[in-house]
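Visitor: What follows is a single structure, and I will ask about it in a moment.
Just so it is clear, none of the values below were taken in a lab; they were calculated from the coordinates. Quick caveat, the model's predicted, so the values are computed rather than measured. Heads up, the Cβs are rebuilt from the backbone with ideal geometry, glycines too, and the neighbour counts pull from every protein chain shown.
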Amino acid sequence: MGLTLGDVDLDRVATLTAREESEFRSRRTRSRELWQEATEYIPRGVPSSFQDTPPQPVFIDHGKGSHVWDVDGNEYADFHNGFGVMVVGHAHPAIVAAVESQMHRGSHFAQPVAENIVVARELARRFRQPQWRFTNSGTESTLDAIRLARGFTNRERIIKIEASYHGHHDALLVSVEPPVDAMGDADFPNSVPMTGGIPASTVALTTVVGFNDLASLERAFAAHPGEVAAVIVEPAMMNIGFVLPDDGYLAGMVETAHRHGAVAIFDEVKTGVTIAPGGATERFGVVPDIVCLAKAIGGGLPCGAVGGRADIMATITDGKVAQLGTFNGNPLTTAASRATLLEVLTGQAYSHLDALTEELSGGLRDVMSEYQLPFHVVSMGARGCVTYREEPVRNYRDYAAMDKSLAYISWLYQSNRGVLMAPGAEENWTLSVQHTSDDVKRYVANFRELARDLKA
Ligand SMILES: Cc1ncc(COP(=O)(O)O)c(C=O)c1O
């Protein structure tokens, strides 16, 4: 036996992975053809580089309810749910009706519509922020939040958390998953650009600190007195698995920001309306100064929103800060958003999601204990993941030290047995209101098969 994790033999993982990859490819030949054809016109053959993951992209044909079908005819229970967007499930009748009805009445005017007020009022109620503006993606929401914070404070520096992803604009595409040999000291992490094309002067304005580490945050403020406009966090990190805030961390982060005259921003693009009706703000009982939303609030249409304290949002009212966009609050997204928030994601829907999560997490825990696997489950509302180590992951340094081969083989097992998961060790599952106990049982059965094969 070679390298092991607990008593899981990593050589065995490698052998099973090769078998599953070959099975995966053999059942996705049409996807492969399309992928190759696409590369003639589309770099890497995919619309976003996140969609090009090993062993190959899967082209989807259609989705209905909690299931999707790929172009090779493979059917899946969908736990990927479009990177956490489709909490309503696919082709939900209420969303279809809302969008169809709006299409007949016109899909775009670049003029306000009455429904904007309905959606803003509901977001204000859920997230306890009085004023809202709309955007078209999570990237736009965090971009606007940063601009608001800079405009409000007349400062330029941003503090972000190591390994948080906040979308693809320059200021925050820093230390997203920095290479281990470049990330620097844990007490003073380096600011590492994720991609070419970002000016060094922009990277220099982004200071990086560890998650769940108030001392590191305090040090960052001390190193840049009077310079910091904002601290932005994913209140629960969902781009390195699912990392929960320590008790008191979020309240401490907001208090620290305020003590230094900075604005506290929660990026709730993934947590918003998924881990609770009012996202992390509600679940952890901490209200920041600005909340960024996108993904699940739009029922599957491109969407986003940024909400904030009255005095911060007043910088838009008085013209100090520009918040703009041709498609902001467009009627189609707004109709879908209204139906999502008011008709689909009801109290009953959240009870259903909680019950499914409990069944799924409980089933996975039973398998782990039966096969004595040194893993654990993190879950909350519609979201969750298996973490492939025994101890909780508290920050990127913990995550970076983990062996990713188990996450990958688990993804392959699920894919080859009718469960679509978001690719990558860093991803987690998303349940929808249309998921059933049968979907959850399929997930657990696949995990059991993996456990059995790992321990065979
Ligand atoms: C926490 C978080 N913020 C922002 C974004 C960016 O959202 P979008 O891809 O809609 O621009 C993402 C995307 O995954 C995200 O996970």
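Visitor: Across the range 1-52, what is the number of residues that are closer than 30 Å to Met368 by Cα and either among the charged types (D, E, K, R) or in contact with an Asp or Glu (Cβ under 8 Å, 6 or more places away or on another chain) (or both)?
Guide: Summing the residues that are closer than 30 Å to Met368 by Cα and either among the charged types (D, E, K, R) or in contact with an Asp or Glu (Cβ under 8 Å, 6 or more places away or on another chain) (or both) in the range 1-52 gives 17.
Visitor: Also: Would you check if Val273 is away from the ligand (no atom under 12 Å from the Cβ) and within 22 Å of the chain's Cα centre (by Cα)?
Guide: yes
Visitor: Related question: Could you list, ordered by first residue, the pairs with Cβ atoms under 6 Å in which the first is in the range 167-193 and among the acidic types (Asp, Glu) and the second is outside any strand (DSSP E or B), at least 6 apart or interchain?
Guide: Asp170/Ile198; Asp170/Thr202; Glu177/Ala163
Visitor: Taking the range 366-385, which residues are under 15 Å from Ala445 (Cα atoms) and either exposed (fewer than 15 other Cβ atoms within 10 Å of the Cβ) or touching a Leu at 6+ places or on another chain (Cβ under 6 Å) (or both)?
Guide: Once the filter is applied, which keeps residues that are under 15 Å from Ala445 (Cα atoms) and either exposed (fewer than 15 other Cβ atoms within 10 Å of the Cβ) or touching a Leu at 6+ places or on another chain (Cβ under 6 Å) (or both), the range 366-385 yields Asp366, Ser369, Glu370.
Visitor: Another question, then. Here is a list: Pro235, Pro245. Which entry is under 29 Å from Gly424 (Cβ atoms), surrounded by fewer than 24 Cβ atoms within 10 Å (Cβ to Cβ) and within 16 Å of the ligand (Cβ to nearest atom)?
Guide: Pro245
Visitor: Cβ-Cβ under 9 Å, sequence separation 6+ or interchain: first residue in the range 207-234 and on the phi > 0 side of the Ramachandran plot, partner among the basic types (Lys, Arg). Which pairs?
Guide: Listed pairs, sorted by first residue: Asn212/Arg394; Gly226/Arg155.
Visitor: Moving on to the next point. Go through Arg125, Arg147, Arg155 for me and flag whichever is away from the ligand (no atom under 16 Å from the Cβ) and closer than 19 Å to Lys320 by Cβ.
Guide: Arg155
Visitor: Restricting attention to the range 80-98, and to residues there that are part of a loop (DSSP other than H, G, I, E, B) and within 16 Å of the ligand (Cβ to nearest atom), which single residue is surrounded by the most Cβ atoms within 10 Å (Cβ to Cβ)?
Guide: Only one residue tops the list, namely Val87.
Visitor: Moving on. Which of the residues that make up the range 134-155 are under 22 Å from the mean Cα position of the chain (by Cα) and either crowded, with 22+ Cβ neighbours inside 10 Å or assigned to a helix (DSSP H, G or I) (or both)? Working first, answer last.
Guide: Keep residues of the range 134-155 that are under 22 Å from the mean Cα position of the chain (by Cα), which gives 134-147.
Scanning the range 134-155 gives Phe134, Thr135, Gly138, Thr139, Glu140, Ser141, Thr142, Leu143, Asp144, Ala145, Ile146, Arg147.
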